[in-house]
Amino acid sequence: MLSARFVIFVYLEEMRRLAVLLALGLLSACSSSEDGSGSGGSAGTSGAGGAAGSAGSGGISGAAGASGSGGSAGSDAGTPRPYRLGLTTFPYDTTQAAVDYVYAKVAEDADLFTVHTTEGVPWVEALEQKPVEQMGSSIVAKWTKMKAAVTPSQKLYLALTPLDDGRAKLADYWGSAEHMPLPGSWATASFDSADVKSAYLQTCRAAIDFFHPDYLAIGIEVNLLRKNNPAAWSAYVDLHKATYTALKAENPALPIFVTMTGVDLLDGWTDADHGEQMAALADVLPYSDYLGISFYPFMSKYLTDPYPASTWSDLASLAGGKPLVIGESGYPAQAFSIPSYSLSFDGTEAKQNAFVSDMLAAAESQPMPFVVNFLVRDYDALWATLPPGPVQDNGSVWRDTGLYDENGSERSALATWKSALARAAK
């Protein structure tokens, strides 16, 4: 059974990449309505997640103790909340109404605004040491909209990355449009080249000057590069060390870190070589103030079945005494299948609520400055536009991971989320 689950995971990992590439094309209309640039849409990132829940809360193995639907996530309602709650602005459809809806919900249902940047890097302009305002029209429009949307009560989490959406090579070029081909010599540049180091550092500096973030990730799911393209890993580590060291000297109070896929760091959860993943962690953790995690447990051998109750403490133990942050997460609230691969996932609203409850309870019991649930609302409307067959199958993986369903109805996990949000953050 274990080997069969690993085969499933290999498929899911490839499906993640295909779905990302698919989203790039499908969200072009959405991006055009969102920022006026006519550029390609922002891609989602890896998977959707599950987490531990209480024994009576959807059948997911309890890690931190769920509070139940609408509960206060393991703490008294009057107790200050030691963590921030974040959502991304990923839209559920390619309409202006969908974009506006999601932005409104991020303002209402989160006290952490998340700028999750996977559209590429402004390599050309950054090498010329230009500020954000002098970069390509697409990046200026999108980031200006996002900056204006941050409410006075929200902190800001800015996530940047030099990696492409497949986590295998240098990120695409972001200029007048998103995900443009790398121009000229950039197409063959290595992570540790002088131009890449200079341009990426300036990208981070310019973004800091523009957003004034409270938290900064300078790499997203970087451990996947070690798995997907091990030959490039050493050069990437050189880039990461140089970027972190320079930025930290200039911004000593700003938490700077990278994120990694939690399922690949946990021994035996996926087909990733555990020794290689621990080596990758050892390479970057000394140059990361937090251990950032993308946590999508159903993208593992466990699918939507129970997984170890020790999961949250296991993740914390990998952080070397540093705080753990959840840079993105989610869990399917509905069952779905992938007919082209004869796979079925038994997602339920109760399991999703158990995930959210336990994630927040873990954030109460251990240093965890923030958690991010990636999807606001199910994207059935977007999914319905996909060609039937394998392409539509791929798109179903994260379709039902929203805190709101496809009709905008609140799920029980949202009540748990809002109960925590009602408590004042420390």
Q | Long-range HN-HN contacts of residue 182 with modeled amide H, under 5 Å | A | 173
Q | Neighbour-count order for 125, 406, fewest beta carbons within 10 angstrom listed first | A | 406, 125
Q: Using label points projected 7 Å from each Cα along Cα→Cβ, tell me how many nm separate residue 151 and residue 381, to one decimal.
A: 2.1 nm
Q | Environment charge of residue 191, counting only residues whose C-beta is closer than 12 Å and scoring Lys/Arg +1, Asp/Glu -1 | A | -1
**Q.** Burial ordering of 311, 89, fewest other beta-carbon atoms within 10 Å first
**A.** 89, 311
Q: Just check region 353-426 against the gyration tensor rule for me: Cα atoms, a ≥ b ≥ c as the square roots of the eigenvalues, rounded for a/c under 1.5, and otherwise prolate or oblate depending on whether a/b exceeds b/c.
A: prolate
Q: For region 168-255, calculate the relative contact order in percent as a whole number, restricting contacts to Cα pairs under 8 Å that are 6 or more residues apart.
A: 35 percent
Q: Distance between Cα centroids, region 306-330 to region 230-263: provide it in whole Å.
A: 20 Å
Q) Is region 273-426 rounded, prolate or oblate when judged by the Cα gyration tensor, a ≥ b ≥ c being the square roots of its eigenvalues, rounded requiring a/c under 1.5 and prolate requiring a/b larger than b/c? A) oblate
Q.
Need one number: nm distance between label points at residue 267 and residue 391, each 7 Å from Cα along Cα→Cβ, rounded to one decimal.
A. 4.4 nm
Q: May I ask you to evaluate 6.51 cos²θ - 1.76 cosθ + 1.60, the Karplus curve with θ = phi - 60°, for each residue of region 402-412 and list the ³J(HN,Hα) values in order in whole Hz, giving x for glycine and proline?
A: x, 6, 10, 7, 5, 9, x, 6, 6, 8, 4
(Q) Taking θ = phi - 60°, what integer Hz values does the Karplus form 6.51 cos²θ - 1.76 cosθ + 1.60 yield along region 418-426, in sequence order, with x for Gly and Pro? (A) 5, 4, 5, 4, 5, 7, 5, 7, 5
Q) Taking 0.36 nm per residue of separation and subtracting the Cα-Cα distance, what length does fully extending residue 250 through residue 190 add? A) 19.1 nm
Q: Report the extension gain between residue 231 and residue 104 in nm, rounded to one decimal, defined as 0.36 nm multiplied by the number of residues separating them, less their alpha carbon distance.
A: 41.4 nm
**Q.** In order through region 201-209: 3J(HN,Hα) via Karplus (6.51 cos²θ - 1.76 cosθ + 1.60), integer Hz, x for Gly, Pro
**A.** 4, 5, 4, 5, 4, 5, 5, 4, 5
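Bear in mind these aren't lab numbers, they're just calculated from the coordinates by the rules spelled out. Predicted model, so just to flag it, every value in this text is computed and none were measured. Counting neighbours? That spans all protein chains shown, and the Cβs are built from the backbone with ideal geometry, glycine included.
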